[in-house]
Every structure is written in structure tokens, then in C-alpha cells.
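Asker: Have a look at this one before I ask anything.
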Amino acid sequence: MSRQSKTEGLPVLNDRAAGIDIGARIQVAAVPPELSDEPVRTFQAFTADIECMANWLVSVGIRTVAMESTGVYWVPVYEILEDHGLEVILANARDCKTVPGRKSDVNDAQWLQRLHACGLLRASFRPGREIAALRGSSSRTRTTPINSRWLHE
């Protein structure tokens, strides 16, 4: 089977692209089938498991990763993958879920991988680490006095 038929006629722009479906408890990662005997793997959401996933992606030659998440579970995954030298994009779930019939995490991960390989995903805005840390710190600084005020009234 040729690469062209695997992507249903769409040209592959990122032949070293992976897709990850992010969940609260697990992440499902998919790589091109020609790069691994096991092109779809499931990892737990613990830091050690995310590190294992990042090492696996690098070991099979992945350079760029697209992931989708509707919650905040993507943040540690994003940072660990970046630390391993991977280009990471967080895709908007609305852009990825418009195809009916995908009902499993495995199918979602494979679909993300295919869309990313064909260059069809846009990255959501993600500020640099220093700005993200500053925003988090600023938010906590403001939330603490507000919460304290409500507790003492």
C-alpha cells in the first residue's frame, strides 16, 4: 500500500508527524505505520509515562506532534514533549471532531496523525513558557485574596 492511498489521496507534508489524543487518565499516541511495528500506543497520565511516550516518539523518528484536548490535561504533555525537542501543536478539538464515526481514543489519535501529516491542523495560540508561568502566577495572586474575602464575609 502506498503512502498516497493511506492518506486517501491527500499529500503527506509531515512524514514524521504523530497524533495524540489526550485524556484525564490516558494518552493515545499514533505514528505513521511505516515507522513502528506498534503504530498506536496507550500511555498513562503520570509523568513517568509521559516521559516514556516522548522517548518512544523520538526513538521512532517523530519530529512534530499534534494533540487535542478539551481540558487542561495537555499542559504537562506539551511541556514534556517540547523538552524532548519535538515541535508540538495543540489543535482545537472543534477542528478535529467534524468527521463522524470516530468513537474511540485510538481512532482519534490516528485521525489526528493523518490530519497533521497532511498539514491540515492549525495550532492554537500557546504563549511561551515564561508568559504562561507569569499568567499562572498572576491568576493565583488575584484568586487568593478574592477567595479569602468570601470566606471572611
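Asker: Can you spot a residue in region 20-27 that is in a loop (DSSP other than H, G, I, E, B) and in contact (Cβ under 8 Å) with a residue 60 or more places away in the chain?
Answerer: Yes, region 20-27 contains a residue that is in a loop (DSSP other than H, G, I, E, B) and in contact (Cβ under 8 Å) with a residue 60 or more places away in the chain.
Asker: For Glu82, work out the one condition from (1) in a helix (DSSP H, G or I); (2) open to solvent by less than 20 Å² (accessible area, probe 1.4 Å); (3) at pLDDT 95 or above it doesn't fulfil.
Answerer: (2)
Asker: So Ile89 ticks every box in (1) at pLDDT 70 or above; (2) surrounded by 11 or more Cβ atoms within 10 Å (Cβ to Cβ); (3) in a loop (DSSP other than H, G, I, E, B) but one. Which box is left unticked?
Answerer: Only one criterion in (1) at pLDDT 70 or above; (2) surrounded by 11 or more Cβ atoms within 10 Å (Cβ to Cβ); (3) in a loop (DSSP other than H, G, I, E, B) is unmet by Ile89, namely (3).
Asker: Given the conditions (1) touching a Lys or Arg at 6+ places or on another chain (Cβ under 9 Å); (2) surrounded by 19 or more Cβ atoms within 10 Å (Cβ to Cβ); (3) more than 18 Å from Asp108 (Cα to Cα), report the number of the one that Val31 does not fulfil.
Answerer: (3)
Asker: Within the group Val31, Val65, which residue is closer than 19 Å to Cys96 by Cβ, over 12 Å from the mean Cα position of the chain (by Cα) and of a type in the set (A, V, I, L, M, F, W, C)?
Answerer: On the way: Val65 fails: over 12 Å from the mean Cα position of the chain (by Cα).
Checking each option against the conditions leaves just Val31.
Asker: Is it the case, given these coordinates, that Arg3 is open to solvent by 20 Å² or more (accessible area, probe 1.4 Å), modelled with pLDDT of 95 or more and not β-branched (Val, Ile, Thr)?
Answerer: When the stated conditions are applied, Arg3 does not pass them.
Asker: I'd like to know if region 53-68 contains one or more residues that are touching a Lys or Arg at 6+ places or on another chain (Cβ under 8 Å), part of a helix (DSSP H, G or I) and of a type in the set (D, E, K, R).
Answerer: No, the conditions are met nowhere in region 53-68.
Asker: Inside region 41-78, can you point out the residues that are at pLDDT 95 or above and among the acidic types (Asp, Glu)?
Answerer: Scanning region 41-78 gives Asp49, Glu51.
Asker: Confirm whether Ala24 is out of contact with any helix residue (DSSP H, G or I) (no Cβ under 6 Å at 6 or more places or on another chain) and among the hydrophobic types (A, V, I, L, M, F, W, C).
Answerer: yes
Asker: Could you list, in sequence order, all residues of region 49-100 that are in contact with a Phe, Trp or Tyr (Cβ under 8 Å, 6 or more places away or on another chain), of a type outside the set (D, E, K, R) and over 19 Å from Ser124 (Cα atoms)?
Answerer: Hits for region 49-100 are Ile50, Cys52, Met53, Val99.
The values are calculated or read from the model by the stated rules, or taken from the named source; none is laboratory data. Here the structure is a predicted model, which is why all the values come from computation and not from measurement. In this analysis, Cβ positions are derived from the backbone assuming ideal geometry, glycine residues included, and neighbour counts consider all displayed protein chains. Note: areas computed on protein heavy atoms with side chains; ligands, DNA, RNA excluded. Shrake-Rupley method; radii C 1.70, N 1.55, O 1.52, S 1.80 Å.
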